[in-house]
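Asker: Here it is, the structure, as structure tokens.
Coordinate-derived values only; no laboratory data. Fair warning: this is a prediction, and the values are worked out from it, not measured in the lab. Cβ coordinates were reconstructed from backbone atoms using ideal geometry, including for glycine residues, and neighbour counts include every protein chain displayed.
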Amino acid sequence: MDGRYADVHFTIRRNGDLLDGTPTFLQGRHADDLDPCSIGVSLAGRHHEAPTPEQVDTLIELCVRLHGEFGIMPNDLRAHDEFWPAADCVGPMVRIARFRRLFAEHLPRPPEMAA
């Protein structure tokens, strides 16, 4: 990296605005050993604040988009605190199981097979 990009690929502001960071074809710097095989998304906010409904909506829309582009599935989602429990981040407020469930509910359904 030459310093022109953010550590994460996307940041979601409290109002739900999606900001592009490091392009997805480049490696971010957000998950140490997982950087080469992950896409980093940051939810803006203070450590004690849960994500806003707008952030949740944008995150789910982004996950559906990344599913289409990269085949990302709900069980691929990880919260920062799953890897670094002592990290000073919003991870504990994210409730990753909820995001996985919402993401799964918004995935496109395969067409029904013809009889």
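Asker: With a point put 7 Å past each Cα toward its Cβ, work out how far L19 is from R95 in nm, to one decimal.
Answerer: It is 2.6 nm.
Asker: Among 55-66, 40-51, how do they line up by average Cβ neighbours within 10 Å per residue, starting with the highest? Numbers along the way, then the final one.
Answerer: Numbers: 55-66: 18.4, 40-51: 16.2.
The peptides rank, most packed first, as 55-66, 40-51.
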